[in-house]
Structure formats: structure tokens, C-alpha cells
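Derivation of every value follows stated rules applied to the coordinates shown; laboratory data play no part. The shown structure was predicted, so the numbers you read here are calculated from the model rather than taken from an experiment. With ideal geometry, Cβ positions are generated from the backbone for all residues, glycine too; neighbour counts draw on all protein chains shown.
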Amino acid sequence: MRLNIQELSGNTFSVDVDGIYETIEILKLRIFAAKDFPPCDQYLVYKNEILKDEQTLLFYGIDIGSKVNLVINHTNEQIDSPEQALQQGLPDGNKIQTENQQKSNKRNKSSLQTRKAKLNKKNPDDPFNIQLEILPIGQQMHFKVFPSNQIQEVVDRILVRKEKFTINMIFNGRRMRLEKTFAESGVKDGDKLSMMIVGFRT
């Protein structure tokens, strides 16, 4: 699932997340991986509300394609409202840090770099997200699958009475063999597949 993140400058970038049950804390780590903004300096605002680390995207109604505002706090002060976030996040609000603050920030950044590396290192057996378009009706669906799952398993999730239909699964312009796994078929995170329902069998 992809979200749009907008900075105060108006610059917008995209971040991929695992779904609506991902926490704001993990989202901040993904932003850190993409833009190198330390999570402790990030304030995320959606629909005039500051997002709390322990809550999920679902809690705030954030879904695929949603735009979340990113404010970077340059002042090391507590921010409690979206208005304060916009004020404190401006570059001209910089303050000189003490030596202890600088050392603490270095330790925090080192720890964050370690977490960033772990986040970016993916296990080949980890689940991933795929997009599925059902033709000819054009309905879009999203699934989390494992590389070892067979293509047939996705078909079974959608069509209960599949015996009445001829199903063609298409990937990169080619028909897929339903008994093959996603790994064997070369499907990766974020790939788009098409399910063609040909019609009733005679």
C-alpha cells in the first residue's frame, strides 16, 4: 500500500507500507529510510490531527493514496497541536543545541540507523502485497500473500463457486499457471496481476 507524504515545502514523496494495520511509529521509520528525517523530529498530521506513534493507519482512516503532512521539528520543543507544528517546523525556528543534546542526538541517530537497516533488510519468505484487477468489471483488490502461496489460493479467496467459471490469471502479459507459487511466477511486492473471468462453462 502506498501513501503520499507532503513536506511543508510542498515537496511530495511516496512511502510503501504493509497495510492499514501498520503503526505510525513504523511509518515514521519508513520515512526515515526514504528521507533520513529522524522519527523523533517528525510530526505527522492528517485531517488536522497529529498522529500518535502507537496508533494504526486504520485508526485515523488512512488508506491507499492518502496524503499525510510531514512537519520536521527543528526546535526540540514539545508540539501539541497542528498549528504549533506548522510554526515550529519552519527552518527559521532553529535553536543552538547543547553539547549533551548533540551527543544524545548522535546516539539516537546511530540506533535509528540500525533500525533502518533492519527495516530495509527483507526476508525472502516474508509476506508482501499484490494488486489484483478483476476483469471485465475492473474491480481493484489488494492482497497480502507469501512467496510460497499458490496462485490458486488467491482465486479461492475471491470465487467461492469457481467451478462455474473459466479463470485466467495474467501477469506481465502472460497467463499464469494456477498451481505455481508467487515465487516461481516471479511476482514481487507491489506487482499488479489481472484476473480474467471468461464466463460460464458449458
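Worth a mention:
- Given R0 = 30 Å, the distance between the Cβ atoms of residue 36 and residue 166 translates into a calculated FRET efficiency of 0.05.
- Spherically averaged projected area of region 128-200 from its Cα convex hull (nm²): 4.4 nm²
- Residues whose placed amide H lies under 5 Å from that of residue 191, excluding near-sequence neighbours: 131
- Taking Cβ atoms as reference points and 9 Å as the exclusive limit, the residues near residue 171 contribute a net charge of +2, counting Lys and Arg as +1 and Asp and Glu as -1.
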